[in-house]
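So the structure is just underneath, and the comments pick up after that.
The values are calculated or read from the model by the stated rules, or taken from the named source; none is laboratory data. What you see is a predicted model; the values in this text were computed from it and never measured. Glycine gets a Cβ as well: all are built from the backbone with ideal geometry, and neighbour counts include every protein chain shown.
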Amino acid sequence: MKKIVLTGGGTAGHVTPNLAILPKLRELGYEIHYIGSYDGIEKRLIADYDIPYYGISTGKFRRYFDAKNFSDPFRVLKGFAEARRVLKKIKPDVVFSKGGFVSVPVVRAASTLKIPCIIHESDMTPGLANKLCIPVATKVCCNFPETMQDIPEDKAVLTGSPIRAELRKGSKAEGLKLCGFTDAKPVILVIGGSQGAANVNAAVREALDELLKDFQIAHICGQGKMDNVLLVKPGYKQFEYVKAELKDLFAMSDVVISRAGANAICELLALQKPNLLVPLISGSRGDQILNAKSFETQGFSIVLSEHDITPLLLTEKVHELYFSRQTFIDNMKNSSQRDPIDTIVSLIEEQTQKSQA
């Protein structure tokens, strides 16, 4: 029996790529286990997939002063010991890590047991957790060509980020029906991440009358960010958040306005959706700005700075995107990051075969 341990957590972005490779791993006959934190988001997300879950202690690695900086190293050491015990019990052939702070004790523990580790870095520049894992990793999967220069040449593999297979199975007709739209006008999908994007929401709503002349708009606003005044605006449909419906909204959309989180933009690339990116500036380490710049350079996206966004400029950029959409689609079709699941799983298979040899 082939065995694999998946790890990663702290945010949904450190879990969903793991979920995306599950069907392929099961198809290949893997016994799958998951190591995450005691009560992190990964525990809730994994609960629906009938996979043994093991919680360990974890601490955050901070670049700034915080009183927890004195106690968290001890939590990490405890997590290392717990992860090592779990790994010795399972005896996996390989570990696949999607990052986040919980992954550090798992990957480090696996390396002491000579278990090969494949890790995935979503952003253009490796985060601190992955920086601590790269030295002991067997292979490091990347989303961006620029990331390759920050990783040892013999470890770096340009894969892209795996996306859930169901996102490719949406129905345009179902999406139009869900929103009460017709096929008379093209559709813009506005998606700001799980928390929404206040600046993007505001700019879209201020430009609404102008945009609705030429488009219909499905707007995923974020929890508590719907505008009740606009609930019955013809051609405009709001959602706080969506789950299973997302595939249908993608299927019906002609262009997308989005934040520039790595997983979000990799979904746009995989689905070949022309997009206008408004990267998050405040409250981040600048990774969304770098992500967006890379996609712009590769010809996948138009980028609009959050500082520059106005209703007029947003309207102009959306029209520019729509009328040149085929150029963006062609560029995405020619991307080398088209088959991330197959590429990543082939790396996993390679290491599994070596472990079992």
For region 9-35, how many residues meet the condition of being modelled with pLDDT under 95 and part of a strand (DSSP E or B)? 0
Is one or more of the residues making up region 260-272 touching a strand residue (DSSP E or B) at 6+ places or on another chain (Cβ under 8 Å) and closer than 18 Å to R325 by Cβ? yes
So which residues in region 173-204 are crowded, with 17+ Cβ neighbours inside 10 Å and either under 27 Å from P340 (Cβ atoms) or not assigned by TED's automatic domain parsing to the domain that holds K225 (or both), if there are any at all? G175, V187, I188, L189, V190, I191, G192, G193, G196, A197, V200
Helices (runs of 4 or more DSSP H) within region 300-357 that include 3 or more residues of a type in the set (S, T, N, Q): 325-333, 340-356
Among the numbered conditions (1) without any contact (Cβ under 8 Å) to a residue 40 or more places away in the chain; (2) small (G, A, S); (3) on the phi < 0 side of the Ramachandran plot, tell me where G222 comes up short. (3)
Taking the condition among the β-branched types (V, I, T), modelled with pLDDT under 95, surrounded by fewer than 18 Cβ atoms within 10 Å (Cβ to Cβ) and in the same structural domain as D214 (by TED's automatic domain parsing), does T327 pass? no
Residue in region 313-323 that is within 21 Å of P162 (Cα to Cα), surrounded by fewer than 15 Cβ atoms within 10 Å (Cβ to Cβ) and without any contact (Cβ under 8 Å) to a residue 24 or more places away in the chain present: no
Please note which helices (runs of 4 or more DSSP H) are completely contained in region 148-242 and include at least 1 residues that are among the aliphatic types (A, V, I, L, M) and modelled with pLDDT of 95 or more. 172-179, 208-211
